Amino acid sequence: MDKKNALITGNSSGLGLGLSKVLLARGYRIFGCSRRGCDLPGEIVDVHCDLTEFDAIAQKLEQLLQGIETLELVVLNAGILGEIKYISKTSLDELQQIMDINLWPNKIILDWLLQSHIKVDQILLLSSGAAILGNKGWGGYALSKCALNMLGRLYAHEFPATHIASIAPGLIESDMMDYLCTQADSEEYPALQRLQQARRDGAVLSPVQGAERILETLSRLKEFESGSYIDLRQILAPDEYHALIEARNRV
């Protein structure tokens, strides 16, 4: 039986690394693209790629996916948080730096996949609840993820044979979570208090657990219209999802 192929960006750490581990264990062949590289054992083909170097992305993809005819799964995972602070105190340069990682490389990759004629079954864009919650302090990150959601909706028209979803995976342990829980000002930005409490309660998933949650929902995501934004808690923990929305309305 032929192995399934998955393309993952930002797979050197965090959720991207977790996805690589879980997919390898499930018999996938992984094609990874990240700045630092990924040296997991198993069937993984990896290229070092700085996604802010826009002109180099197509060449890296050509190198990585040479001879590949099908991709069962593409996960556009690479992203950064930026600093939690007032949007009025966030410069255009800071916002551009976030967009240059969280948004524009994904357009370049989607354009390349379109012209490559590789058959792609499912594309996931890693979004966040920040894209719709609009909590104080989340500025550039929220803007970039909101724009990412619309990018997925627009490209759904141009990938008629591929299901696209922008997904919020829930709370995942990462360097980003460390910053949110230990360095950002939770008194000034109250939405952080919920994240910190969730961590104390053990409700933050490890990268492997987060990856397993995503893979658990792959077939169910296809029940939504292609191009949709989906918080995975809508599917797996609706009570948690509604509590999140209620908490946002109180902040």
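The values are calculated or read from the model by the stated rules, or taken from the named source; none is laboratory data. Just so it is clear, the model here is predicted, and its values are computed rather than measured. We place every Cβ from the backbone using ideal geometry, glycine too, and count neighbours over all the protein chains shown. Accessible surface is based on the protein model in full, side chains and every heavy atom, while ligands, DNA and RNA are left aside. Shrake-Rupley method; radii C 1.70, N 1.55, O 1.52, S 1.80 Å.
For (1) without any contact (Cβ under 8 Å) to a residue 60 or more places away in the chain; (2) within 22 Å of LEU19 (Cβ to Cβ); (3) open to solvent by 10 Å² or more (accessible area, probe 1.4 Å), each residue gets a yes or a no:
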residue	(1), (2), (3)
ASP100	yes, no, yes
PRO105	no, yes, no
LEU114	yes, no, yes
SER128	yes, yes, yes
ALA131	no, yes, yes
ASN135	no, no, yes
TYR141	no, yes, yes
ARG153	no, no, yes
GLU158	yes, no, yes
(request) All but one of (1) closer than 22 Å to LEU76 by Cα; (2) part of a helix (DSSP H, G or I); (3) charged (D, E, K, R) hold for ARG199, so report the exception by its number. (result) (1)
(message) What's the number of the only condition in (1) touching an Asp or Glu at 6+ places or on another chain (Cβ under 7 Å); (2) open to solvent by less than 20 Å² (accessible area, probe 1.4 Å); (3) at pLDDT 95 or above that PRO207 fails to meet?
(response) (2)
(request) Would you point out the residue of region 172-196, among those that are outside any loop (DSSP other than H, G, I, E, B) and among the acidic types (Asp, Glu), that is nearest to GLY18 (Cα to Cα)? (result) ASP175
(message) Going by what's in this entry, would ASN77 be described as open to solvent by 10 Å² or more (accessible area, probe 1.4 Å), under 16 Å from the mean Cα position of the chain (by Cα) and polar (S, T, N, Q)?
(response) yes
(message) Whether any residue in region 28-41 is at pLDDT 95 or above and in a loop (DSSP other than H, G, I, E, B) is what I want to check.
(response) yes
(request) Specify the residue that is farthest from LYS119 (Cα to Cα); the eligible residues are those in region 1-54 that are open to solvent by less than 10 Å² (accessible area, probe 1.4 Å) and of a type in the set (Ser, Thr, Tyr). (result) SER34
(request) Given the conditions (1) open to solvent by 40 Å² or more (accessible area, probe 1.4 Å); (2) touching a residue at least 40 places away in the same chain (Cβ under 8 Å); (3) among the β-branched types (Val, Ile, Thr), report the number of the one that ILE57 does not fulfil. (result) (1)
